[in-house]
1. For ARG6, work out the one condition from (1) outside any loop (DSSP other than H, G, I, E, B); (2) open to solvent by 40 Å² or more (accessible area, probe 1.4 Å); (3) over 24 Å from ASP114 (Cα atoms) it doesn't fulfil.
2. How many of the residues in the stretch 16-41 are open to solvent by 50 Å² or more (accessible area, probe 1.4 Å), more than 23 Å from ARG6 (Cα to Cα) and not β-branched (Val, Ile, Thr)?
3. Do the conditions hold for LYS54, that is, is it exposed (fewer than 15 other Cβ atoms within 10 Å of the Cβ), without any contact (Cβ under 8 Å) to a residue 40 or more places away in the chain and not aliphatic (A, V, I, L, M)?
4. For the stretch 72-89, how many residues are outside any strand (DSSP E or B) and either open to solvent by 70 Å² or more (accessible area, probe 1.4 Å) or among the hydroxyl-bearing types (Ser, Thr, Tyr) (or both)?
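The values are calculated or read from the model by the stated rules, or taken from the named source; none is laboratory data. Given the structure is predicted, the values throughout are model-derived calculations rather than measurements. Positions of Cβ are generated from backbone atoms using ideal geometry, with glycine treated the same way; all protein chains shown enter the neighbour counts. Heavy atoms of the whole protein, side chains included, go into the accessibility calculation; ligands, DNA and RNA do not. Shrake-Rupley method; radii C 1.70, N 1.55, O 1.52, S 1.80 Å.
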Amino acid sequence: FPSTPRADGGERMPDSEDGLSRGIRIKGWEVRSTKSSIADAQTIAFYEDELGVKPLPELLFDGAGVEIAHAQTGWRMHFNAREALKAWKANPLPPIQVGIATHWQRSRQQDIADLGVRKLDYDWTFTTPYCGHVPLTSQSG
């Protein structure tokens with residue numbers, strides 16, 4: 001790489017108190033990532049009900065995300081699993097099946113039969129056109 005964030009004036013931001021979020025500041029921008037554990041069954045069920053889709057990814061990190069913010073203007077953009085899955089549901093792309101799909105299918109024959117999933121109509125990658133979202137901000141009145 002021709003330069004690094006530190007060489008270009010980047011500085012590490014303080015980690016969150018719980019240690020799950022960290023970020024950098026560089027040239028008027030703040031980039032913060034948040035990690036999370038895998039969602040539990042109750043959370044997966046909530047997402048399935050909300051989206052009207054079953055099944056969803058087995059390894060869903062629902063609390064993970066990235067936020068990009070412009071410090072001077074306050075403009076923010078977020079990336080997270082919930083919004084990505086909403087975009088996946090609203091804008092279906094042709095299904096992609098990865099190599100491990102055959103093993104997955106064999107281990108879940110009953111679920112596949114119960115759901116009526118045909119071999120090629122399931123998007124194994126959850127490919128989405130999602131490119132982030134600008135959150136609504138509350139205005140003081």
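1. The single condition ARG6 does not satisfy is (1).
2. Total satisfying the criteria: 5.
3. Numbers: exposed (fewer than 15 other Cβ atoms within 10 Å of the Cβ): yes; without any contact (Cβ under 8 Å) to a residue 40 or more places away in the chain: no; not aliphatic (A, V, I, L, M): yes.
So LYS54 fails the test.
4. First, pick out the residues of the stretch 72-89 that are outside any strand (DSSP E or B): 72-75, 81-89.
Now narrow it down to the ones that are either open to solvent by 70 Å² or more (accessible area, probe 1.4 Å) or among the hydroxyl-bearing types (Ser, Thr, Tyr) (or both): 72-73, 75, 82, 86, 89.
Summing the residues that are outside any strand (DSSP E or B) and either open to solvent by 70 Å² or more (accessible area, probe 1.4 Å) or among the hydroxyl-bearing types (Ser, Thr, Tyr) (or both) in the stretch 72-89 gives 6.
Conditions (1) modelled with pLDDT of 80 or more; (2) under 26 Å from ASP15 (Cβ atoms); (3) not in a helix (DSSP H, G or I), marked per residue:
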residue	(1), (2), (3)
SER37	yes, yes, yes
LEU56	yes, no, yes
LEU59	yes, yes, yes
PRO95	no, no, yes
GLY99	no, no, yes
ALA113	no, no, no
LEU120	no, no, yes
